[in-house]
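Notes follow the structure.
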C-alpha cells in the first residue's frame, strides 16, 4: 500500500506541478536507520519527503486526532503513520520510534515552523512548545537509538493552488547530526542540538 500510494502521489504531483528536485540525497546513510527531521507546513511536504526517500519507506508521526476514525486509522497505519499527541508528547512517544529504528527503519518527525518563527515567538514572550517538544523528542530518540538525525527542508507550494501555479518543489537533505549519549547534561545537549537543527534548516533554505 505504501509503495503504491507513493508512486501514485508522485504521478499526481508531477502532472500538477512538474518534477520535484531532490538535493543531497547522497548524504543519507546507506542501509542504516536514521531520523529525518523535516520542516512542516502542510500535507504536501510529508508526501514530497516520502517521494524523495523512495524506495526507502518512512515511518512518520501523525497527530493522534487523525486516528479517531476507524477508516482513516487503518489507512494511516498502512501508510506507515503512527499516532502522537503533538501538543503534549510524553515519554511513551519514544517507544514506537525506538522499536522501528531497532528494526533498521527510517523515522520521520515534522516539527512545524523554522528558527525565524521561534525567534519571533520568543520576542513576543511566547514559545512554540509543540515544535520544540517534537525536536527535543527527535534528539532524545536519536541519542537512545544511536542513530543520526538528517535535517531536511521542503521548499515549494503548500496549497493546491500553488501546485497548479507550477511553483517548483525541492527536498534538501543536510549533513547527519550525531547526538551524544545523554548524561548529566541532558538539557544542555538537547538545547544545543535543537539550535543546530534550527540553524541548519535556515542554511538549507538559503541554498535555493
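Here are the numbers:
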quantity	calculated
Restricting the range 45-67 to residues that are in contact with a helix residue (DSSP H, G or I) (Cβ under 7 Å, 6 or more places away or on another chain) and more than 16 Å from residue 7 (Cβ to Cβ), the residue that is surrounded by the fewest Cβ atoms within 10 Å (Cβ to Cβ)	66
Odd one out for residue 85, checked against (1) at pLDDT 90 or above; (2) touching a helix residue (DSSP H, G or I) at 6+ places or on another chain (Cβ under 8 Å)	(1)
Verdict on residue 37 being at negative phi, within 18 Å of the chain's Cα centre (by Cα) and assigned to a strand (DSSP E or B)	yes
Residue list for the range 88-114, filter: modelled with pLDDT under 85, assigned to a loop (DSSP other than H, G, I, E, B) and buried (at least 16 other Cβ atoms within 10 Å of the Cβ)	89, 111, 113, 114
Single unsatisfied condition, residue 33 versus (1) modelled with pLDDT of 95 or more; (2) surrounded by fewer than 12 Cβ atoms within 10 Å (Cβ to Cβ)	(2)
Inter-residue pairs, beta-carbon under 6 Å, first without any contact (Cβ under 8 Å) to a residue 60 or more places away in the chain and in the range 132-159, second in a loop (DSSP other than H, G, I, E, B) and surrounded by 22 or more Cβ atoms within 10 Å (Cβ to Cβ), 6+ apart	139/179; 143/179
Enumeration of residues in the range 182-195 that are touching a helix residue (DSSP H, G or I) at 6+ places or on another chain (Cβ under 6 Å) and in a loop (DSSP other than H, G, I, E, B)	182
Number of the exception - residue 125 against (1) at pLDDT below 90; (2) at negative phi; (3) out of contact with any strand residue (DSSP E or B) (no Cβ under 8 Å at 6 or more places or on another chain)	(2)
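Matching residues to (1) modelled with pLDDT under 90; (2) surrounded by 19 or more Cβ atoms within 10 Å (Cβ to Cβ):
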| residue | (1), (2) |
| --- | --- |
| 156 | no, yes |
| 165 | yes, no |
| 168 | no, no |
| 171 | no, yes |
| 180 | yes, no |
| 187 | yes, no |
| 193 | yes, yes |
| 200 | no, yes |
| 205 | yes, no |
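The values are calculated or read from the model by the stated rules, or taken from the named source; none is laboratory data. Keep in mind that what you see is a predicted model, and the values were worked out from it rather than measured. Methodologically, a virtual Cβ is constructed for each residue, glycine included, from the backbone with ideal geometry; neighbour enumeration extends over all protein chains shown.
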